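Below is one structure; the comments refer to it alone.
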Amino acid sequence: MHRSAKENTLVGTSLLAAHNAELISDETIAAISSPAGEGAIALVRMSGPEAIQVANKIFRGQEVPSEFASHTQHLGEIVTEAGDLIDQVLMSIHRAPASYTGENIVEVSCHGGTLVTAKVLEACLRAGARGARPGEFTERAFLNGKIDLTQAEAVIDLIRARTDLALRSATEQLEGKLGEKIANIRQVLIDLLAHIEASIDFPEEGIAPDEGEPLRARLESVRNQIAELLQSADHGRILRDGVRIVIYGATNAGKSSLLNRLLGYERVIVSDTHGTTRDTIEETINLRGVPVRLLDTAGLRTSTSDVEREGIARTELSLKKADLRLHIVDRSAPPPPHFKPGVDGNEILLLNKNDLTEHAEWKKVNALRISCVTGEGLDELETQILSRIGKQNLRPENALAINLRHRDCLRRALEACDQARKTFDEKFSPECLSIDLNDALAAVGEVIGTVGVEQILDSVFGQFCIGK
């Protein structure tokens, strides 16, 4: 029996709810949610149907946790099974469904010593909880419908954010703005399918599908929305991983000095001895809000040293993977043998040692002149770097950015929309058009988790730390 788009959506939603219910464990989980090491305060949290009952067993105070008002803190003690004191703590209860996971949550704020925190967690486990897997708290929030999959992924982006722009992107995604865009695209596809499939399933009702330009315009609109989101893939990669900038050139041109200048401290040994840098050195900086991964490489020259040759080979490999190359040369010396300035838009030529007399052969070369000794030209270098980055789809005014998983889903959705457009143009039957649009709908649904996507959950939540 052929179902309509609306029926498919309702059935899919029901199946997803049932599927998620099967995935949600009836166990109560516990974990340390603060970073490892010593601190003023640590946080141990539990989530699950028996979380409050477990808290009753380990907490000693004026009230038992089961009598606490939700979202209030209470002073008391965590004790062992024998009643021995472990630590004085503050405990709060967050009752379902008004909690992060949608389940009953217990949070214990204890003193931040490594041993005392471990003892508090041990008390939870002995009282009936089990240790949480990485990301299991956020996974339960997703499975219980508190957040969609894009918001779940935004949590880890928020934790890992290294710049204001990355933080803003993660925050907007956590607020559901990306999920909202995806949901709108999905709804357009559902509406298209509903009309097409109604005309197929109920011909006696005289329902005429959209025809001609109106249908093609709707197809084109949804296709363009998907394509626009796909264009933010490079933006997302840059925000999450940083722009990969490789500093390269001949030995003693000033590569390590430039890295130290951009970092603002002496990270790399600088020496007049050729071949001092033998390996690729990587550091990350915040360049006016943009994360930048700077790589200092071994100097390019003919070498008899096996170690230096390996370093040069790594330099050449890094250059192939670079988003932007900084080719630095010594302007006080003649051009190195076989010198060729970069001809594409992903390389900036730097004439270093502007504090020294420029060799005559450089006079007509168009390049940025800098001095790693005085700092001259470095502000202009930062401006040029940001300008080149801006041409690679990093748009600060657009903080939303998809990740690699989103890109794969949307790429398949775009291909399905293109196939639907071809099906329409070649005047195939409405049934064929329905198949193409259903493929697009399924791919879009994977982004926010509105279809069964059990196979991707481990990949998404496995990136989280335990206790999140």
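Only residues that are more than 37 Å from the chain's Cα centre (by Cα), in a loop (DSSP other than H, G, I, E, B) and in contact (Cβ under 8 Å) with a residue 40 or more places away in the chain were counted across region 323-379, and they come to 3. Output yes when any residue across region 92-113 is aliphatic (A, V, I, L, M), in a loop (DSSP other than H, G, I, E, B), touching a strand residue (DSSP E or B) at 6+ places or on another chain (Cβ under 7 Å) and surrounded by 15 or more Cβ atoms within 10 Å (Cβ to Cβ), and no when none is. Checking region 92-113: not a single residue is aliphatic (A, V, I, L, M), in a loop (DSSP other than H, G, I, E, B), touching a strand residue (DSSP E or B) at 6+ places or on another chain (Cβ under 7 Å) and surrounded by 15 or more Cβ atoms within 10 Å (Cβ to Cβ).
Of the residues screened, ILE245 is one that is modelled with pLDDT of 85 or more and under 30 Å from ILE402 (Cα atoms).
Inside region 347-357, residues that are surrounded by 16 or more Cβ atoms within 10 Å (Cβ to Cβ) and either of a type outside the set (S, T, N, Q) or modelled with pLDDT under 90 (or both) make up a count of 7.
Summed over region 106-154, the residues that are of a type in the set (A, V, I, L, M, F, W, C) and closer than 30 Å to ILE182 by Cα give a count of 8. Scanning region 55-70 for residues that are in contact with a helix residue (DSSP H, G or I) (Cβ under 6 Å, 6 or more places away or on another chain) and either among the β-branched types (Val, Ile, Thr) or within 15 Å of ASP87 (Cα to Cα) (or both) yields ALA55, ILE58, PHE59, VAL64. Highlighted here are the strands (runs of 3 or more DSSP E) found entirely within region 20-82 that include at least 3 residues which are over 30 Å from the mean Cα position of the chain (by Cα): 59-61, 73-79. Scanning region 314-340 for residues that are surrounded by 15 or more Cβ atoms within 10 Å (Cβ to Cβ), acidic (Asp, Glu) and more than 21 Å from ASN366 (Cβ to Cβ) yields a single hit, ASP323. Where helices (runs of 4 or more DSSP H) fall wholly inside region 121-229, the ranges with 1 or more residues that are assigned by TED's automatic domain parsing to the domain that holds MET46 and either at pLDDT 90 or above or in contact with a His (Cβ under 6 Å, 6 or more places away or on another chain) (or both) are 136-143, 149-160. Of the listed requirements (1) surrounded by 17 or more Cβ atoms within 10 Å (Cβ to Cβ); (2) under 28 Å from ALA40 (Cβ atoms), LEU158 misses just one: (1).
Okay, residues lined up against (1) at pLDDT 75 or above; (2) among the charged types (D, E, K, R); (3) in contact with a Gly (Cβ under 6 Å, 6 or more places away or on another chain); (4) under 30 Å from ILE285 (Cα atoms):
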position: ILE370; (1), (2), (3), (4): yes, no, yes, yes
position: GLY375; (1), (2), (3), (4): yes, no, no, yes
position: SER387; (1), (2), (3), (4): yes, no, no, yes
position: LEU400; (1), (2), (3), (4): no, no, no, yes
position: CYS417; (1), (2), (3), (4): yes, no, no, no
position: LYS422; (1), (2), (3), (4): yes, yes, no, no
position: GLY452; (1), (2), (3), (4): no, no, no, no
position: SER459; (1), (2), (3), (4): no, no, no, yes
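Could you check, for region 99-116, whether at least one of its residues is more than 27 Å from VAL155 (Cα to Cα) and either modelled with pLDDT of 95 or more or outside the structural domain of LEU149 (by TED's automatic domain parsing) (or both)? Yes. If you scan region 23-59, which residues turn out to be among the small types (Gly, Ala, Ser) and closer than 17 Å to ARG126 by Cβ? Matches in region 23-59: ALA30, ALA31, GLY48, ALA51, ALA55. Considering only region 106-135, state which residues are of a type in the set (Asp, Glu) and within 17 Å of HIS94 (Cα to Cα). Result: GLU107, single match.
The condition (being basic (Lys, Arg), at pLDDT 90 or above and not assigned by TED's automatic domain parsing to the domain that holds LEU262) is satisfied by just one residue among ARG407, ARG395: ARG407. Of the residues making up region 135-171, those that are under 21 Å from VAL243 (Cβ atoms), of a type outside the set (D, E, K, R) and in contact with a Gly (Cβ under 6 Å, 6 or more places away or on another chain) are THR163, LEU165.
The values are calculated or read from the model by the stated rules, or taken from the named source; none is laboratory data. Fair warning: this is a prediction, and the values are worked out from it, not measured in the lab. Cβ coordinates were reconstructed from backbone atoms using ideal geometry, including for glycine residues, and neighbour counts include every protein chain displayed.
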